[in-house]
Amino acid sequence: MMRAFRRLCVIPAICLAVAAGLAGCGSGGSSTSGDKGSIVLGLSNSSVTSSFRGIMINSFKAEADKLQSSGQIKKYVIQNAGDSVSTQIQQMHDMVQSGVNVLVVDAQSATGLNAEIARDVAQGVTVVTTDNLASSDKSINVEIDPKIIAADTAQGLADTIGHKGHVVMLEGIAGTPVNEDRNNLAKQVFAKYPDITVSEVNVDWNPATAKQKMAQVLAQNSDIAGVWDQGDSAGGAANAFISAGKPLPPIVFDGTTDFLNVWHDRVAQGYKTVGAPQPPAVVVDALWLGIKVHQGAKVSSNPVLLKTPVITNDNLDTIWTKGLTNEPGQFVNPVPVPQAELFQSYLS
């Protein structure tokens, strides 16, 4: 499904000291030119409550550092809005006023930022939303295809459990665009099978919360056929079963390294499941598409849906490598599309 799995790494989720402030390099004024060296990059991130976001920010920063060192951008800034739509709007406005002309946004709301996005684009700013997308047609909207992350993994789980039994859905932060989109896609799959019953539990994309709430579900109902999750929860869920001394049901792999190790270690005993990597480094592809569009290119579709492979027992060893950390909240983090492929496939 995807040739881009060639660049594989694991990036520690180091918390950046930008939770409420501005992080940047260099100095410079406003510019809307697409010439090399005149681009000022910005990242407006809505939340730092999940380790995914910490890795995402580090991925953005590492790429922006390289671009600044090579003279391809003038500087960059990073802001975190602390789960507040109004704060994110204000931060986006301030970044544009300070000279940011390519702005990458992980949106707190699908609709709440649209007016600010329209204002920014009207000033010559290229706005790219990623991970949590805005619904605006003024921005370029880039994400890993949610059908793969949600519907394809739900279908794989349903097939694995024989289309019957109790499925626990471990969901992210309620109300955020990507959470609602993925949940709805997965529920549409499970609804096709009358012998599948579903329980929904919000765990806020947090492995510790996932373990705690999965343990609570287990205490009330040990007859669980499978667990579907959409990010940062598989390892916590697995640990709840292991701590309770319960057999491990199929748990959807979400890209986390601790669960990848659990899965790999149990293959010889017949354990089977499915999943799809969710690389935080999708932000790098969003960054590069934003730069290219600012320089005059056009995307071939909007939203831009990047591919990621569905992982099964048959291709597990394409992503598992010896020495992956068991620390919760770490991801196998391939950049979804190598740069040449990205431009060829998604720019016109």
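Taking 26 Å as the straight-line reach from the Cα of Lys272, the lysines in range (excluding those fewer than 8 positions away in the same chain) are Lys147, Lys164, Lys187, Lys192, Lys211, Lys213, Lys246, Lys307, Lys322.
Working note: 222 nm ellipticity from helices only, DSSP H runs with n ≥ 4, each -39,500 (n - 2.57), summed and divided by the residues of the chain, gives -10500 deg cm²/dmol to the nearest 500. Just to confirm a number: summing +1 for Lys and Arg and -1 for Asp and Glu over residues other than Arg119 whose beta-carbon lies under 15 angstrom from that of Arg119, what do you get? Once all neighbours under 15 Å are counted, the net charge is -3. The trypsin sites (Lys or Arg not before Pro) of region 171-250 that DSSP puts in a loop, and whose beta carbon has at most 12 other beta carbons within 10 Å, are Lys192.
Tilt of helix 177-190 relative to the longest C-alpha principal axis of the chain, in degrees (0 to 90, nearest 10)? Roughly 30 degrees between the two axes. For Lys66, the lysines whose Cα comes closer than 16 Å to its Cα, not counting residues fewer than 8 places off in the same chain, are Lys36, Lys74, Lys75. Distance from the alpha carbon centroid of region 224-275 to that of region 300-348 works out to 20 angstrom. The distance from the alpha carbon centre of region 44-80 to that of region 131-173 is 25 Å, rounded to a whole number. Among Ser47, Ser69, the order of accessible area from largest down is Ser69, Ser47, computed with a 1.4 Å probe on protein heavy atoms. Other residues lying with their Cβ under 9 Å from the Cβ of Ala174 contribute a combined charge of -3, Lys and Arg counting +1, Asp and Glu -1. The C-alpha atoms of the chain define a longest principal axis, and helix 257-266 lies at about 30 degrees to it. Heavy-atom accessible area, probed at 1.4 angstrom with all protein chains present, ranks Glu180, Glu116 as Glu180, Glu116, highest first. Peptides 201-208, 265-272 ranked from most to least packed give 201-208, 265-272, packing being the mean of other C-beta atoms within 10 angstrom over each peptide's residues. Largest first, the residues Lys292, Lys322 sort by 1.4 Å accessible area into Lys322, Lys292. Peptides 91-100, 157-166 ranked from most to least packed by the mean count of surrounding Cβ atoms within 10 Å: 91-100, 157-166.
Neighbours of Asn132, meaning other residues whose beta-carbon lies under 12 angstrom from its beta-carbon, give a summed charge of -4 when Lys and Arg score +1 and Asp and Glu score -1.
The values are calculated or read from the model by the stated rules, or taken from the named source; none is laboratory data. Remember, predicted model here, so these are calculated numbers, not experimental data. As a convention, Cβ positions derive from the backbone with ideal geometry for all residues, glycine included, and neighbour counts pool all protein chains shown. Quick note on the areas: whole protein, heavy atoms, side chains included, nothing else; ligands and nucleic acids left out. Shrake-Rupley method; radii C 1.70, N 1.55, O 1.52, S 1.80 Å.
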